[in-house]
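To start, the structure under review is shown below, and the notes come after it.
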Amino acid sequence: MPCRPQRGGPALARSIVFAAALFASVACCAATTGADRGRLLLAQYQCGSCHSIPGVASAGGRVASSLKGFGARSYIAGRLANRQETLIRWIQNPKALVPDTAMPSMAVTPDDARDMAAYLLELK
Ligand code: HEC
C-alpha cells in the first residue's frame, strides 16, 4: 500500500484542540492575573493557617495578625515601611528582613510573592 500523508481528519482535529487550548489559556489568564491570582495563591500556600485574610478561602488563622485592611497599614510587622517591594521580599523571606520574626519562610517564588502582595495591598 502506498504511503500517503494523511489530510483532513487528524489535521482538523489538531487545529480544534489548538484553538480550544488557546481559548482556555486566554480565558484562564484574563481571570487570574495579579491580585486575582494572588488571592488564589494565598489559599494555596496556606497563609491562612496563621492569618485571617478577607476574601481568601479557609484563611481564618489566629496564630498571627489578621491581614484585614493591610493595604492601608503603614508598617509590615510593626517595623518595615509597607511598600510593595518590601512586602514582596517579606513574603519570600521574612527572616532576612526581621531575623527574630516568628513568620516562617515558605519557599514562595518571586512571581507568586508579587501577586500575593498585589492582593494584600488592595485590602483597604
Ligand atoms: C506559621 C504561621 C505563619 C504563616 C504560615 C504565615 N505567616 Fe505571615 N506572619 C506570621 C507572624 C507570626 C507574623 C508577625 C511577624 C512579626 O511581627 O515579626 C506574620 C506577619 C505577616 C505580615 C505582616 C503583618 C503585619 O501585621 O504587619 C504579612 C503581610 C504576612 N505575614 C503575610 C503572610 C503570607 C503572604 C503568608 C503565606 C505565604 C504568611 N504570612 C504565612 C506567621 C505566619
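Every number in this text was worked out from the coordinates using simple rules, so none of it is lab data. All values derive from a computational prediction rather than experimental measurement. Neighbour counts are summed over all protein chains in view; Cβ atoms, including those assigned to glycine, are modelled from backbone coordinates with ideal geometry.
Remarks
- Sparse-neighbour loop sites [trypsin sites (Lys or Arg not before Pro); the range 58-115; at most 10 other C-beta within 10 Å; DSSP]: ARG62, ARG79
- When MET103, MET116 are sorted by how many other C-beta atoms sit within 10 angstrom of their C-beta, beginning with the fewest, the order is MET103, MET116.
- Relative to one another, the C-alpha centroids of the range 37-55 and the range 93-124 are positioned 11 Å apart.
- Listed from fewest to most Cβ neighbours within 10 Å, the set GLU122, GLU85 follows the order GLU85, GLU122.
- Taking θ as phi - 60° and the Karplus parameters 6.51, -1.76 and 1.60, the scalar couplings of the range 50-61 work out to 10, 10, 8, 10, x, x, 10, 4, 6, 9, x, x Hz in sequence order, x denoting glycine and proline.
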